[in-house]
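In what follows, a structure is listed as structure tokens, so that the remarks can point back to it.
The values are calculated or read from the model by the stated rules, or taken from the named source; none is laboratory data. This is a predicted model, so every value here is computed, not measured. Cβ atoms come from the backbone with ideal geometry, glycine included; neighbour counts cover every protein chain shown.
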Amino acid sequence: MPRKQATSRDVARLAGVSRTTVSFVLNDVPGVKISEETRQRVLEAARQLDYYPTAAARSLASGKTRRIGLVLGEGQKRLSADAFLPTFLQGVTASVHRRGYLLVLQMAEDVPTYDAYARLIREQQVDGLILSGPRSDDPLVPQLAEEGFPLILHGRLNGCAAPWVDVDNQAGAHLATSHLLGLGHRRIGFISNAPLPYSGAQERFAGYKQALAEHHIPLDPDLIRMAAFLPETGRAAMEELLSLPEPPTAVFAASDVVALGAISAIHAAGLKIPDDLAIVGFDDIFLAGHARPPLTTIRVPAYGLGWTAAEVLIALIEGDEEVSSVTLETELIIRESCGARQGREP
């Protein structure tokens, strides 16, 4: 009898890893931290099983549209201003095309309400959805998940049964704030990356508060400002902080795009970074290393998040019963904007 075709699940079991890790290794997905030992274990398992992901193995079952919907909850203006989303989109697109699907892109601001994804489903345009930027005040997302429609969230949403793909935003924000605390700062401002109904903004704010609490520093509402994705909102928030009778000595801006706006406000005020005010961002977009001075930030694997979201969704569409949520790692990237390179860190 002919030998049964090996699957990625078989490789994962033999290597003792998840199917997502197998996908990362065999497709050489950039920006994802995988140890060399794990990589070699997966490659060896694939060799032993003579596993190669073929077009036939990746094709959809008959009767499907072979289309996946990606809904960006933040809208078109952010897409043009934020370097994170295009990289995330590249990861989604690479995975979708590799698996023989087409991608349908929908932006929430393109419709008058939050029914962008509902419209895609009603018109039977897609077999499943990736929703990037879920909001806690959107009632339809939990409903879709309860109905069993293939749905993946880029971002966590409490009370929603849908699996998600994300980084640990709270841990990353905690790391960023703790880094500033370790440099001796005690009056640290916070500028959000988005309005707080967005789950990622809530989690990054929670990490900031957690770090302060661990150092017995009371939360000061005067040091908290909300921004909304774009650099001009970060600049406006920073201008408000600088106008305080006692401005902060450091700021954690919960996205690099917002941080770049804050940096422009600091320069406009005639202040020097990090001598007069230290700043740390979040995401490590391409421009972060080219800021003046280069921005210390929390690195997020944007491409890997996009790739993983598509891989998990396709597994759901194809009836994989082992689908689960995925958390990718973040990393603190120290550059000049925090002052650590000048020997101020203990």
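The table that follows gives values for the structure above.
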| quantity | calculated |
| --- | --- |
| Strands (runs of 3 or more DSSP E) wholly inside the stretch 269-346 that include at least 1 residues being touching a residue at least 12 places away in the same chain (Cβ under 8 Å) and of a type in the set (D, E, K, R) | 297-299, 331-333 |
| Set Ala291, Ala269: member being in contact with a Leu (Cβ under 7 Å, 6 or more places away or on another chain), at pLDDT below 95, under 22 Å from Arg235 (Cβ atoms) and surrounded by fewer than 24 Cβ atoms within 10 Å (Cβ to Cβ) | Ala291 |
| Meets criteria (at pLDDT 90 or above, under 30 Å from Gly69 (Cβ atoms) and surrounded by 19 or more Cβ atoms within 10 Å (Cβ to Cβ)) for Val280 | no |
| Residue match in the stretch 220-242 (condition: in a helix (DSSP H, G or I) and more than 27 Å from His267 (Cα to Cα)) | no |
| Matching helices (runs of 4 or more DSSP H) fully within the stretch 26-142 where at least 2 residues are modelled with pLDDT under 75 and over 19 Å from Leu157 (Cβ atoms) | 55-58, 76-81, 116-122 |
| Out of Val11, Val22, sole residue that is surrounded by 15 or more Cβ atoms within 10 Å (Cβ to Cβ), in a helix (DSSP H, G or I), at pLDDT 75 or above and within 22 Å of the chain's Cα centre (by Cα) | Val22 |
| Single condition Val257 does not satisfy, out of (1) in the same structural domain as Ser178 (by TED's automatic domain parsing); (2) farther than 21 Å from Arg204 by Cβ; (3) crowded, with 22+ Cβ neighbours inside 10 Å | (2) |
| Residue check for Leu153: without any contact (Cβ under 8 Å) to a residue 40 or more places away in the chain, more than 16 Å from the chain's Cα centre (by Cα) and crowded, with 18+ Cβ neighbours inside 10 Å | no |
| Top-ranked residue of the stretch 220-257 - restricted to ones that are β-branched (Val, Ile, Thr) and under 27 Å from Leu72 (Cα atoms), ranked as nearest to the chain's Cα centre (by Cα) | Val257 |
